[in-house]
Amino acid sequence: MSIDSKQIIISILETNCKVLEILGQALKPYEISLQQFNVLRILRGQKGVPANLSTVQERMVNRMSNTTRIIDKLIDKNFVQRNICEKNRRKIELFITDEGMSLLKVVDPVVDKAEKQITQALRSDEQENLFELLKKINL
């Protein structure tokens, strides 16, 4: 059986939809989206160093999302704090709050469990092979 590019792309897209669905369902009880979770992880990774909007956008998994709107929602939920830089009043600094850190402590294991569920059908060597193949596509 010969598989063509179209079949591969369709399979990747179907897999993407399924992964997003499972992760979205895992996050639903915590009333945050996958994009919001991604922003919180980026800000946690800053280890107290402020991030600006472009830094967050560069590190997002889905760069097509409206980062400003996502951050505004996280600010409304008290998970992110936005400050105006004292040295440069045009610069906005973003920080994760204690509430945001607390949420991640609860949500991280839930997401880890969902990710394991997604990949459980694959043996360890298959996971490594799939990862390498996907890296080739994501040049």
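The values are calculated or read from the model by the stated rules, or taken from the named source; none is laboratory data. Only a predicted model underlies this, so the values are computations on that prediction, with no experimental measurement involved. For neighbour counting, all protein chains shown are included, and Cβ atoms are generated from backbone atoms with ideal geometry for every residue, glycine included.
The table below lists the values:
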| quantity | calculated |
| --- | --- |
| Filter result (farther than 15 Å from Ile12 by Cα and of a type in the set (A, V, I, L, M)) within segment 102-139 | Leu103, Leu104, Val106, Val107, Val110, Val111, Ala114, Ala121, Leu122, Leu139 |
| Residues (modelled with pLDDT of 95 or more and over 17 Å from the mean Cα position of the chain (by Cα)) located in segment 82-101 | Thr97, Asp98, Glu99 |
| In segment 114-126, the residues that are within 20 Å of the chain's Cα centre (by Cα) and exposed (fewer than 11 other Cβ atoms within 10 Å of the Cβ) | Lys116 |
| Counted residues, segment 33-67 - those being closer than 23 Å to Asp98 by Cβ and among the hydroxyl-bearing types (Ser, Thr, Tyr) | 3 |
| Close pairs (6 angstrom Cβ cut-off, 6 or more residues apart or separate chains): without any contact (Cβ under 8 Å) to a residue 24 or more places away in the chain in segment 104-127, assigned to a helix (DSSP H, G or I) and β-branched (Val, Ile, Thr) anywhere | Gln127/Thr119 |
| Any pair with Cβ under 6 angstrom, 6 or more apart, that starts in segment 2-24 at a residue that is surrounded by fewer than 10 Cβ atoms within 10 Å (Cβ to Cβ) and ends at one that is at pLDDT 95 or above and not basic (Lys, Arg) | none |
